[in-house]
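A.B. asks: My structure is below; once you've seen it, I'll send some questions.
The values are calculated or read from the model by the stated rules, or taken from the named source; none is laboratory data. Here the structure is a predicted model, which means the values were calculated and not measured. Backbone-built Cβ (ideal geometry, glycine too); neighbour counts: all protein chains shown. The protein model used for the area step is the full one, side chains on, heavy atoms only, and it has no ligands, DNA or RNA in it. Shrake-Rupley method; radii C 1.70, N 1.55, O 1.52, S 1.80 Å.
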Amino acid sequence: WRSVAPTTNHVPCPEPLALAMFSLATLWDWWDVGILLLLGFLGILRPGEMLRLRPADVLPPSVLLLPSLTAYVSIRDPKQKRTTARREHVLVEDAAFVAFLEEWLACHSAPERRIFKGKASDFRKCFDALVRFFGIEPSDGKGITPASLRGGGATWLFQQTGSIELPRWRGRWQQVRTVEIYVQEVAALSVLPALSIPQRHRIRQDRKSTRLN
């Protein structure tokens, strides 16, 4: 059970910060980075899963002939593939973001190339620049890292629904108790209270252009 239950958790990325980072990424013309940020947050993805994503892995409602604005994201190489399913998927239900994905995918001519074509270190440099823009350190412990998107997404989904089962299913944790511990720990942590009023105002302003649900 020690290999399943997290011993330490990353500080979660709060929903306002995730939206602000997405907005800033699009303003800087980093569309691929912004897309992965929200896919990682809404899909509760691990950083490695996020970086391996290809446009072909994102299945919008028009492809699946779904009446609702819901997208499926296929995980080709899941972490637990030796003990669970060899292929997994996550659900993205935010209507505004799914509509954005539809338009972006329609213009994409290389579905089998990775969404972010650079190296993991290149993505991390972009991520760190976005985090620092809002006065937050891009480091473990007190700051935000790409792994913070998974904890932030799980906590946000629990707060929105009151269900522990939905984050467990979407985050693909095998045990309910594991995700209970995970959400309880990360929900108690936040980088926002330590920020100054101007820093919080900057996040609030950038968040206004993007809203979930």
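A.B. asks: Here is a check on your reading of the model: is residue 19 buried (at least 20 other Cβ atoms within 10 Å of the Cβ), in contact with a Ser or Thr (Cβ under 8 Å, 6 or more places away or on another chain) and either part of a helix (DSSP H, G or I) or at pLDDT 95 or above (or both)?
C.D. replies: Spelling it out, residue 19 is indeed buried (at least 20 other Cβ atoms within 10 Å of the Cβ), in contact with a Ser or Thr (Cβ under 8 Å, 6 or more places away or on another chain) and either part of a helix (DSSP H, G or I) or at pLDDT 95 or above (or both).
A.B. asks: For the structure I just gave you, tell me whether residue 51 is under 20 Å from residue 18 (Cα atoms), in contact with a Phe, Trp or Tyr (Cβ under 8 Å, 6 or more places away or on another chain) and at pLDDT 95 or above.
C.D. replies: In short, yes.
A.B. asks: Among the residues of the stretch 88-107, what is the count of those that are surrounded by 16 or more Cβ atoms within 10 Å (Cβ to Cβ) and in a loop (DSSP other than H, G, I, E, B)?
C.D. replies: 1
A.B. asks: Of everything in the stretch 128-172 that's in a loop (DSSP other than H, G, I, E, B) and free of Cβ contacts under 8 Å to residues at least 60 places away in the same chain, which residue is surrounded by the most Cβ atoms within 10 Å (Cβ to Cβ)? Walk me through it before giving the result.
C.D. replies: Initially, the stretch 128-172 is screened for residues in a loop (DSSP other than H, G, I, E, B), giving 134-147, 162-164, 172.
Narrowing the set further to residues that are free of Cβ contacts under 8 Å to residues at least 60 places away in the same chain leaves 137-139, 162-164.
On the way: 137: 15, 138: 17, 139: 12, 162: 8, 163: 11, 164: 19.
The selected residue is 164.
A.B. asks: Which one is most open to solvent (accessible area, probe 1.4 Å) among residues in the stretch 186-213 that are closer than 22 Å to residue 167 by Cα and either at pLDDT 80 or above or part of a helix (DSSP H, G or I) (or both)?
C.D. replies: 187
A.B. asks: Testing residue 76 on (1) in contact with a helix residue (DSSP H, G or I) (Cβ under 7 Å, 6 or more places away or on another chain); (2) modelled with pLDDT of 95 or more; (3) open to solvent by 70 Å² or more (accessible area, probe 1.4 Å), one condition comes back false. Which one is that?
C.D. replies: So residue 76 meets the others, but not (2).
A.B. asks: Here is a further query. Right, residue 147: touching a His at 6+ places or on another chain (Cβ under 8 Å) and either modelled with pLDDT under 90 or small (Gly, Ala, Ser) (or both) or not?
C.D. replies: So residue 147 passes the test.
A.B. asks: Given the conditions (1) within 28 Å of residue 199 (Cα to Cα); (2) touching a helix residue (DSSP H, G or I) at 6+ places or on another chain (Cβ under 6 Å), report the number of the one that residue 145 does not fulfil.
C.D. replies: Going through the list (1) within 28 Å of residue 199 (Cα to Cα); (2) touching a helix residue (DSSP H, G or I) at 6+ places or on another chain (Cβ under 6 Å), residue 145 breaks only (2).
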